[in-house]
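Remarks on the structure that follows.
The values are calculated or read from the model by the stated rules, or taken from the named source; none is laboratory data. Bear in mind that the values here come from a model prediction, so they are computed numbers and not experimental data. Cβ coordinates were reconstructed from backbone atoms using ideal geometry, including for glycine residues, and neighbour counts include every protein chain displayed. Just the protein is used for accessible areas: all its heavy atoms, side chains included, with ligands, DNA and RNA removed. Shrake-Rupley method; radii C 1.70, N 1.55, O 1.52, S 1.80 Å.
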Amino acid sequence: MIELSHIHKYYNPGTVTEMCLFEDFSLQIAKGEFVSIVGSNGSGKTSLLNIICGSIPIERGSITIDGRDITSMKEYVRHQKIGRVYQDPSKGTCANMTILENMALADNKGKPYGLGRSVKKSRIDAYKEMLSSLNLGLEDKIHTRVGSLSGGQRQAVALLMATMTPIEMLILDEHTAALDPKTAEIIMELTEKIVREKKLTTMMVTHNLRYAVEYGDRLLMMHQGEAILDVSKEEKKALTVDDIMGTFNRISVECGN
């Protein structure tokens, strides 16, 4: 279980532009749960992910994973057990390295590095099998530089790399936003397949309301640092895009927009 307890987060503290985003915010996510998160810009969606990953500090509160307090843990240490896929396909891979070299790096995540070769020939067949499961023909391009791949192919590789080693959580930060609609559909199908097969606890921020409705076991809508909508199971299955749009429109009116 992932638990955020009494989180307080301020931006620009002590200045005239000080802003309190989270004030006594708490959230629990069950092990193996797939949570879709929506909300307007500035609602706290990405900040929530960054707090869990350790990318930004908090003023007060605690963060635990399976009862282990990680509040003071460095970001790079947290990422040994957290996989993250970003909106920008270039952030999860190294453009000047081949698919094989990128996968070898991901395969060694959290392991000590020496002066030996990072690419082991004995692992190439395993990498090709993993790539084959994506059904994109990438197993035949394993020696191709990642920078020459399309955005969708690169995002698929990034998704695979983020989940190659045993992780406790997968963070998806608008990972289809930079893709064309057809490619985004392929990446979402791959996401669902990988999450379910590996039984990963997953948090997915998305601006695509249909994806938020169709994918995941639970849906959160963030607004001004609060979860104003939290539905799961049968209640989520009954939810429609129009329902979410109605909530968005109501918030917009209340905020004077």
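The table that follows gives values for the structure above.
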quantity: Exposure rank, largest accessible area first [Ile58, Ile82; 1.4 Å]; calculated: Ile58, Ile82
quantity: Projected label distance in nm at Cys94 and Lys31, using a 7 Å step from Cα toward the beta-carbon; calculated: 3.4 nm
quantity: Beta bridges by DSSP in region 136-257, antiparallel share as percent, to the nearest 5; calculated: 60 percent
quantity: Where Thr191, Thr183 fall by accessible area, highest first, once all protein chains stay in place (1.4 Å); calculated: Thr183, Thr191
quantity: Calculated FRET efficiency for the pair Glu214/Glu168, C-beta based, R₀ 22 Å, to 0.05; calculated: 0.30
quantity: Rounded FRET efficiency, nearest 0.05, which uses the C-beta distance separating Arg123 from Glu185 and R0 of 30 Å; calculated: 0.45
quantity: Among Arg196, Arg218, Arg68: highest mean-square fluctuation, GNM of the chain, C-alpha pairs under 10 Å; calculated: Arg68
quantity: Net lengthening on full extension, Lys193/Ser55 (0.36 nm per residue, minus Cα-Cα); calculated: 46.9 nm
quantity: Length gained when the stretch His8-Asn108 is fully extended (0.36 nm per residue, less Cα-Cα span); calculated: 32.5 nm
quantity: Along each principal axis, Cα extent of region 186-257, largest first, Å; calculated: 44, 24, 23
quantity: Exposure of His143 as accessible area (Å², to 10), given a probe of 1.4 Å and all protein chains; calculated: 130 Å²
quantity: Loop-resident sites, region 17-110, for GluC sites (Glu not before Pro), counting at most 12 other Cβ within 10 Å (DSSP); calculated: Glu18, Glu59
quantity: Surface accessible to a 1.4 Å probe, per residue, for the residues of region 74-113, Å²; calculated: 53 Å²
quantity: With every protein chain in place, region 114-257: carbon and sulfur % of accessible area (1.4 Å); calculated: 49 percent
quantity: Label-to-label distance, nm, for residues given as Ser150 and Thr247 (7 Å Cα→Cβ offset); calculated: 3.4 nm
